[in-house]
Amino acid sequence: MSHKVYLPADAGMIEYIGAVRGFTAELEKRKGSAPRVFVQTFGCQQNEADSERLAGTAVAMGYLLTDDPQFADLIIVNTCAVREHAEKRTLSIIGQYKHIKEKNPDLVIAVCGCMVGQAHRRDELKMRYPYVDITFPPGTIQIFPKMLAERLAGGRRSFAVPEECPEIVEEIPVHRESSYRAWVSVMYGCNNFCTYCIVPYVRGRERSRRPEAIEKEVLELIKSGARDITLLGQNVNSYGKNSEFDCSFAELLDRLACLEGDFKLHFMTSHPKDATRELIDVIAKRDKVAKQLHLPLQSGSDRILSAMNRHYTLEQYMGKLDYFREKLPDASVTSDIIVGFPGETEEDFEATLEALRRARYDRIFSFIYSPRKGTPAAEMDGQIPDDVKNERFSRLVALQNEISLEKNQALLGKALRVLCDGVSKNDPDMLEGRTEQDKIVIFKGDAAMTGQFVEIVVTRVETFNLYGEIKK
Ligand code: SAH
Ligand code: SF4
Ligand code: F3S
């Protein structure tokens with residue numbers, strides 16, 4: 001299901017959107033059909049949200065959306081740099097676009113997102129990928145029309161750097177993938193500098209949108225039928241810090257949860273050091289806030305947490321989790337865990353396993369540590385060999401799978417409210433949807449229910465999925 005919301009862009013952007021429109025009109029006349037844009041997204045929800053704005057901007061510039069790069073006149077690759085694997089895969093895909101450009105000399109290839117926030121990757125694209133026309137890092141979507149217009153006018157290839165757009169630009173055109181699930185970025189950047197992480201280098205310092213601008217966007221979404229709205233930020237609960245307005249994340253969430261309508265609010269990601277009682281109280285108090293928390297622990301060893309620069313101990317983390325569970329006993333809790341951080345001993349790793357047994361997460365996202373150029377951890381002594389990392393990773397996943405299954409077993413026979421996402425990806429005869437706790441539920445029903453809430457009774461469970469029947 002596709003849905004468009006077009007908001008007026010700021011004046012500087014409008015001028016260049018108009019300039020690109022001139023080129024796309026000319027291309028359409030020459031070729032007999034409107035030029036097409038293919039947007040490809042890697043990485044996290046922030047990138048998904050950015051890609052919806054890139055697609056909206058491209059449509060405003062006269063492109064039609066396509067899901068086949070072979071027919072595209074503009075390819076936008078929105079990249080991730082969080083782990084080496086993500087970068088390698090993206091570079092190899094960009095490499096394949098060379099062949100499309102050989103067939104279609106009008107094609108413009110734009111690369112954006114976190115990977116091109118790094119100087120060495122920009123240099124690599126400049127030198128070894130001559131068919132890449134422009135690159136711009138996260139937080140600079142507003143200069144995309146200008147860069148594209150200049151390139152289409154015969155200008156040189158250009159490679160924007162992160163410092164070019166420190167301001168937040170509101171009301172960039174947006175093309176949303178779904179009419180009922182929506183992303184709303186409430187802040188950008190990260191100040192935490194966890195020693196393993198590239199994000200603060202490529203997404204810059206924390207900047208928060210004004211609460212009125214967020215409320216306006218959320219109101220429009222509710223009016224247009226959004227049922228599930230996720231507020232996004234790398235460290236969403238430092239929202240409002242160091243800004244000229246006075247509004248914490250807990251206050252923002254409370255304000256949005258008081259809006260009229262049939263919708264649920266989710267948010268991610270919360271940094272444990274900033275997960276306050278005030279925030280937990282808002283989640284508990286307001287019906288419209290989904291009863292779910294993603295609270296990445298990363299490691300169960302205080303020594304490793306300190307080397308990671310996480311600013312909390314295991315006991316401080318567990319104290320917050322205990323308070324959350326006391327207030328919200330039925331809520332789901334998820335986490336991110338990294339194995340094989342430099343210097344991680346078997347004992348440190350065992351502490352992580354023990355933390356999983358204590359926390360009893362519904363689900364974790366587990367990662368093998370990947371050294372990122374320019375981060376302190378990449379330079380640390382005690383890098384862990386791949387075979388040890390892999391072996392720890394398997395043990396971590398095996399333990400969590402047991403816990404996830406047990407958690408799901410406790411839901412057997414329960415009635416859950418599910419937002420239907422349509423035909424199941426795994427079984428064309430079934431529908432699937434997600435609960436307020438973000439669990440996937442598979443059930444039989446009419447695809448016309450897509451985008452609606454349905455009551456499902458859970459009849460069978462697996463590690464990752466629940467199965468059920470519509471409540472009579
Ligand atoms: N801002 C969020 C998420 C950042 S990236 C947070 O603080 O939780 C998502 C996850 O990727 C992180 O939580 C971490 O578990 C993982 N990650 C980040 N850098 C990594 C690296 N270099 N190697 C392996 N995993 C990494
Ligand atoms: Fe990376 Fe840490 Fe910031 Fe999350 S909080 S984005 S893990 S530096
Ligand atoms: Fe990747 Fe950037 Fe998100 S590095 S995980 S796309 S913030």
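Worth pointing out:
- Restricting 145, 130 to those that are more than 16 Å from ligand 2 (Cβ to nearest atom), touching a Ser or Thr at 6+ places or on another chain (Cβ under 8 Å) and not hydrophobic (A, V, I, L, M, F, W, C) reduces the list to 145.
- Hey, residue 375 of a type outside the set (Gly, Ala, Ser), within 16 Å of ligand 2 (Cβ to nearest atom), open to solvent by 10 Å² or more (accessible area, probe 1.4 Å) and under 27 Å from the mean Cα position of the chain (by Cα) or not: no
- Test for residue 243: is it farther than 13 Å from residue 282 by Cα and either of a type in the set (S, T, N, Q) or away from ligand 3 (no atom under 16 Å from the Cβ) (or both): yes
- Here 39, 82, 108 are screened, and the one residue that is in the same structural domain as residue 132 (by TED's automatic domain parsing) and over 21 Å from the mean Cα position of the chain (by Cα) is 108.
- Qualifying positions in segment 241-252 - at pLDDT 95 or above and either among the aromatic types (Phe, Trp, Tyr) or in contact with a strand residue (DSSP E or B) (Cβ under 6 Å, 6 or more places away or on another chain) (or both): 249
- Of the residues making up segment 252-295, those that are farther than 27 Å from residue 453 by Cα and either free of Cβ contacts under 8 Å to residues at least 24 places away in the same chain or not in a helix (DSSP H, G or I) (or both) are 271, 275, 276.
- No other residue among 162, 137, 145, 173 is touching a Leu at 6+ places or on another chain (Cβ under 9 Å) and in contact (Cβ under 8 Å) with a residue 12 or more places away in the chain apart from 173.
- In segment 283-319, the residues that are closer than 25 Å to residue 434 by Cα, open to solvent by 10 Å² or more (accessible area, probe 1.4 Å) and away from ligand 2 (no atom under 16 Å from the Cβ): 284, 285, 286, 287, 288, 291, 292
- Only residues that are within 14 Å of ligand 3 (Cβ to nearest atom), of a type in the set (Gly, Ala, Ser) and under 18 Å from residue 249 (Cβ atoms) were counted in segment 192-237, giving 1.
- Yes/no for residue 277 being open to solvent by 50 Å² or more (accessible area, probe 1.4 Å), away from ligand 2 (no atom under 15 Å from the Cβ), within 29 Å of residue 392 (Cα to Cα) and not polar (S, T, N, Q): no
- Scanning segment 180-195 turns up no residue that is open to solvent by 10 Å² or more (accessible area, probe 1.4 Å), among the charged types (D, E, K, R) and over 15 Å from the mean Cα position of the chain (by Cα).
- Top-ranked residue in segment 227-240 [being open to solvent by 10 Å² or more (accessible area, probe 1.4 Å) and within 15 Å of ligand 1 (Cβ to nearest atom); ranked as modelled with the highest pLDDT]: 230
- Scanning segment 403-431 for residues that are surrounded by fewer than 19 Cβ atoms within 10 Å (Cβ to Cβ) and assigned to a strand (DSSP E or B) turns up 415, 417, 422, 423.
- Residue list for segment 344-381, filter: in contact with a strand residue (DSSP E or B) (Cβ under 7 Å, 6 or more places away or on another chain) and either aromatic (Phe, Trp, Tyr) or in a loop (DSSP other than H, G, I, E, B) (or both): 349, 361, 362, 365, 367, 369
- Leading residue by the ranking (nearest to residue 182 (Cα to Cα)) among those in segment 53-80 that are among the polar types (S, T, N, Q) and out of contact with any Asp or Glu (no Cβ under 8 Å at 6 or more places or on another chain): 57
- Among residues of segment 167-220 being basic (Lys, Arg) and out of contact with any strand residue (DSSP E or B) (no Cβ under 7 Å at 6 or more places or on another chain), the one that is modelled with the lowest pLDDT is 205.
- Strands (runs of 3 or more DSSP E) lying entirely in segment 31-129 (those with 2 or more residues that are open to solvent by 40 Å² or more (accessible area, probe 1.4 Å)): 36-41
- Segment 174-222, subset in a helix (DSSP H, G or I) and among the acidic types (Asp, Glu), residue nearest to ligand 1 (Cβ to nearest atom): 217
- Number of the exception - residue 330 against (1) over 24 Å from the mean Cα position of the chain (by Cα); (2) part of a helix (DSSP H, G or I): (2)
Yes/no per residue for (1) under 30 Å from residue 265 (Cβ atoms); (2) under 25 Å from the mean Cα position of the chain (by Cα); (3) open to solvent by less than 30 Å² (accessible area, probe 1.4 Å):
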site	(1), (2), (3)
325	yes, no, no
335	yes, yes, yes
340	no, yes, yes
355	yes, no, yes
359	yes, yes, yes
363	yes, yes, no
371	no, yes, no
398	no, no, no
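- Check on residue 256, open to solvent by less than 10 Å² (accessible area, probe 1.4 Å) and under 20 Å from the mean Cα position of the chain (by Cα): no
The values are calculated or read from the model by the stated rules, or taken from the named source; none is laboratory data. Nothing here was measured: the structure is a model prediction, and the numbers come from that model. With ideal geometry, Cβ positions are generated from the backbone for all residues, glycine too; neighbour counts draw on all protein chains shown. Side chains are part of the model used for accessible areas, which takes the heavy atoms of the whole protein and leaves out ligands, DNA and RNA. Shrake-Rupley method; radii C 1.70, N 1.55, O 1.52, S 1.80 Å.
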